[in-house]
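Student: What follows is a single structure, and I will ask about it in a moment.
Values in this text are rule-based calculations from the coordinates and carry no lab data. Since this is a predicted model, take the numbers as computed values, not measurements. We place every Cβ from the backbone using ideal geometry, glycine too, and count neighbours over all the protein chains shown.
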Amino acid sequence: MGEQKSMTIKGNMATAMGAKLCRPNVIPAYPITPSTLFPEKMSEFVADGELDASMINVESEHSAMSACIGAAATGARVCTASASQGVALMHEMLFIASGMRLPMVMAVGNRALSAPINIWCDHQDTVASKDSGWLQFYAENNQEGLDLMINAFRIGEDKRVLLPVMVGIDAFVLTHTIEGVDVPAQEDVDDFLPPYEPPHGKLDPKEPATFGSFGTPEYYQEFKQAQVEAIEGSRDVIDEVFEEYEEMFGREYNKATPYYCDDAEIVLITMGSMTGTAREAVKKLRKEGKKVGLIKLTVFRPFPSPELKEILSGVKGVAVIDRNISPGAYGAMYSDLAAAYTNEKEKPILKNFITGLGGREIFVKNFEEMYEMTKKAVDTGNLGKPVEWINVNEDVLR
Amino acid sequence: MSFGVNGEEIMYEVRFHGRGGQGAVTAANTLADAAFREGKDVQAFPMFGVERRGAPVAAFTRIDEQPIDIKTQIYEPDVVVVLDISLLDVIDVTKGLKDDGKIILNSAKDPSEFDFDGAEVYTVDATTIAVDNGLGTETNPIVNTSILGAYSRVVGNVELESIFEAITDNVPVKIENNQQAAKDAYDNVKGV
């Protein structure tokens, strides 16, 4: 094993370095705040001769994803980056990438969607793509951003999966923040991630074949069923790959990671960078003798219902903290967790909290407040509102 | 904030004030990198949003002996570093500064000439030091490395030697001049 190199880098640099270690062949990208540093760095790597890849400058994110699809169909290893409106503009192409079963990895700087226009942290951009058939991973910090990129290629390219993967890093909180990161040695990543060879043929003028063809009513549904089986099958692959990554590189990843959950009565569930602040809140509440725990959701698609239900067994109340909202319904994590419990006899009280939209801060005191509200619902049976908004600026609402 | 084994707050938070183009962000990043080289955990980030040349900007550094979990921005810094003294007329640089907080100003004046409600004031003539070391001009001096030398002397939680190393990796040109400027500021900061 080579030595890992410690350095201080921004989140965008972490995902770029993670991608570079995976030796992508083609990088079509269109810059957008807060992800712009990713294509900048990738083109520097290529221009400096550190990475042998084709950088394709395109005229929009729709074209970027189209180029990703074309390149991946030839059997190339492909990556890109985007955020917010860019991911929204890619929307129709996202379904084509997954429907054609083309592995590729996209780093997303999670940012709010317009209107009003906003460049700050929010999960709505990727959550709006949760039904696109892509696997979705969310990083808590820059180290996770780098590590998840490497894991994403390996998992997506597994013959049992063959699906594209998004890796979310929170806008500014990670993309523009410098943190210490350990960078694996190239030879070790080469061992972990062998070159990609598509198992079912590729776009090749010497052996003509049709890809992404017409799917009539006799066939379409079965294609979709096969695709769903693949993402269901990715559950075991994710566990295997995360375990192997930990053995090689010493950093543990799980679909859902518990913190102080063993004897917890109330558990907070978070995704992305807010997890760190939530952990501070849990430390503080534990010092006060409160039986509270935390689950960090790293894998949002496929949704890890079995793992969550196992960790939450015996827990009385769960605060599901969504940095997104489906207007007229709930936050995405809440909807999925509630659905997972529908037919269970024993289940905790679930409360849905919406906060952190458009870069709104989520302070330690806000997590304490969500704990208290969930505890009150458990103790009194008064469940409160179906969706609770946290850290609201009341002056603006008036 | 963060809590040590005995519940004590142990994290150190720094806010840099400058104008767009003066290198406040590079100062925050370089300080974080220097502390990281000493085995500390760090974060450094700009004011989240857009920057314009000449407009007031802020940048932040967190330093801790323990792993840093917190992901909010910095509202109650332990020390404020002001790269451009003209900002004192424009913004309240002491906003949120802890009661026992420190202020480091780029100024040729004596600390006794400033009053920030009892906060400890330190001054260093970073502009002259920068220009003398060939870093920018009188009207557009590059003071961010000088001011880090002053930081090292005043705060003491990051060694000057680590700042020299961090300059090597974070400053694109004139590495030796920048290191010498940091050394000169370390030696000449007033108020210590």
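Student: Indicate, rounded to the nearest 5 percent, the antiparallel portion of the DSSP beta bridges found entirely in the protein assembly as shown.
Tutor: 40 percent
Student: Placing +1 on the Cβ of each Lys and Arg and -1 on the Cβ of each Asp and Glu in chain A, which of A:VAL241, A:VAL364, A:PHE223 has its Cα farthest towards the positive end of the resulting dipole?
Tutor: Value computed over the given set: A:VAL364.
Student: Kindly provide the GluC sites (Glu not before Pro) of the range A:279-377 that DSSP labels as loop, not H, G, I, E or B, and whose Cβ sees at most 12 other Cβ atoms within 10 Å. All intermediate terms of the calculation are to be shown ahead of the outcome.
Tutor: Numbers: sites: A:GLU280, A:GLU288, A:GLU307, A:GLU310, A:GLU344, A:GLU346, A:GLU361, A:GLU368, A:GLU369, A:GLU372; in loops: A:GLU288, A:GLU344, A:GLU346, A:GLU361.
Sites meeting the loop and neighbour criteria: A:GLU288, A:GLU344, A:GLU346.
Student: Where the only charges are on Cβ atoms (+1 Lys, Arg; -1 Asp, Glu), what is the dipole of the protein assembly as shown about its Cα centre, to the nearest 20 debye?
Tutor: 1520 debye
Student: How long are the semi-axes of the equivalent ellipsoid of the range A:256-397, taking √(5λ) for every eigenvalue λ of the Cα gyration tensor, in whole Å from largest down?
Tutor: Here the semi-axes work out to 20, 18, 15 Å.
Student: Give me log10 I(q)/I(0) at q = 0.14, 0.21 Å⁻¹ for the range A:41-110, Debye formula, one equal scatterer per alpha-carbon, no solvent.
Tutor: After summing over all Cα pairs, the log10 values are -0.42, -0.92.
Student: Among DSSP beta bridges lying fully in the range A:241-391, give the percent that are antiparallel, nearest 5.
Tutor: Looking only at bridges with both residues in the range A:241-391, the antiparallel portion is about 15 percent.
Student: Once the Cα gyration tensor of the protein assembly as shown is diagonalised, what are the square roots of 5 times its eigenvalues, in whole Å and ordered largest first, as equivalent ellipsoid semi-axes?
Tutor: Its equivalent ellipsoid spans semi-axes of 42, 31, 20 Å.
Student: Taking a label point 7 Å from the Cα of B:ARG53 along the Cα→Cβ vector, which residues of the range B:108-149 have an amide N closer than 14 Å to it?
Tutor: From the range B:108-149, the list is B:140-141.
Student: Next question. How many angstrom lie between the C-alpha centres of the range A:207-226 and the range A:350-366?
Tutor: Here the two parts' Cα centres lie 42 Å apart.
Student: Let me ask another. Any idea what % of Cα-Cα pairs in the range A:65-202 are farther than 20 Å? Walk me through the intermediate numbers first.
Tutor: Values: 4341 of 9453 pairs.
Everything past 20 Å amounts to 46 percent.
Student: Right, next: Roughly how many whole Å is it from the C-alpha centroid of the range A:252-267 to that of the range A:1-56?
Tutor: Comparing the Cα centres of the range A:252-267 and the range A:1-56, I get a distance of 33 Å.
Student: When A:THR175, A:THR126, B:THR94, A:THR270 are ordered from fewest to most other Cβ atoms inside 10 Å of their Cβ, what list results?
Tutor: Least to most surrounded, the residues fall as B:THR94, A:THR270, A:THR126, A:THR175.
Student: To continue, here is another question. What are the GluC sites (Glu not before Pro) within the range B:95-143 that DSSP puts in a loop, where the Cβ has at most 14 other Cβ atoms within 10 Å?
Tutor: B:GLU138
Student: Order by neighbour count: A:VAL237, A:VAL189, fewest other Cβ atoms within 10 Å first, most last.
Tutor: Working: A:VAL237 18, A:VAL189 21.
In increasing order of surrounding Cβ atoms, one gets A:VAL237, A:VAL189.
Student: With N denoting the number of residues in the range A:5-249, provide Rg(C-alpha) divided by 2.2 N^0.38 Å, to two decimal places.
Tutor: 0.95
Student: Same structure, new question: In deg cm²/dmol, rounded to 500, what helix-only [θ] at 222 nm does the protein assembly as shown give when every DSSP H run of at least 4 residues adds -39500 (n - 2.57) and the total is split over its residues?
Tutor: -11500 deg cm²/dmol
Student: Where in the range B:32-64 are there trypsin sites (Lys or Arg not before Pro) that are in a DSSP coil and have at most 11 other Cβ atoms within 10 angstrom of their Cβ?
Tutor: Filter output for the range B:32-64: B:ARG52.
Student: Now a separate question. In the calculated pair distance distribution of the range B:12-188, what percentage of Cα-Cα distances lie above 23 Å?
Tutor: That tail contains 32 percent of the Cα-Cα pairs.
Student: Please report, in debye to the nearest 20, how large the charge dipole of the range A:5-249 is about its Cα centre when each Lys and Arg carries +1 at its beta carbon and each Asp and Glu carries -1 there.
Tutor: 760 debye
Student: Which value, in Å to one decimal place, does the Kirkwood hydrodynamic radius take for the range A:209-318 when every pair of different Cα atoms is included? Provide the component values of the computation, followed by the final result.
Tutor: On the way: mean 1/r = 0.0607 Å⁻¹.
One decimal place: 16.5 Å for the Kirkwood radius.
Student: Of A:PHE353, A:CYS261, A:THR36, which is farthest on the positive side of the dipole of chain A, counting Cα position, with +1 on Lys and Arg Cβ, -1 on Asp and Glu Cβ, and the Cα centre as origin?
Tutor: Most positive-ward Cα: A:PHE353.
Student: Determine the dipole magnitude for the range B:1-143: charges of +1 sit on the beta-carbon of Lys and Arg, -1 on that of Asp and Glu, nothing else is charged, the reference point is the Cα centre, and the result goes in debye to the nearest 20.
Tutor: On the way: 12 positive and 25 negative charges, 137 e Å.
Dipole size: approximately 660 debye.
Student: A:ASP262 to A:SER54: extension gain in nm, 0.36 nm per residue of separation minus the Cα-Cα distance? Spell out each step's value before the answer.
Tutor: On the way: separation 208, 0.36 × 208 = 74.88 nm, distance 4.90 nm.
Computed gain between A:ASP262 and A:SER54 is 70.0 nm.
Student: Also, I was wondering about something else. For chain B, give me the percentage of DSSP beta bridges that are antiparallel, rounded to the nearest 5 percent.
Tutor: Here the share of antiparallel DSSP bridges comes out near 55 percent.
Student: I would also like to ask the following. What Kirkwood hydrodynamic radius do you get for the range B:1-109 when you take the inverse of the mean 1/r over all pairs of distinct Cα atoms, in Å?
Tutor: Its Kirkwood hydrodynamic radius stands at 14.4 Å.
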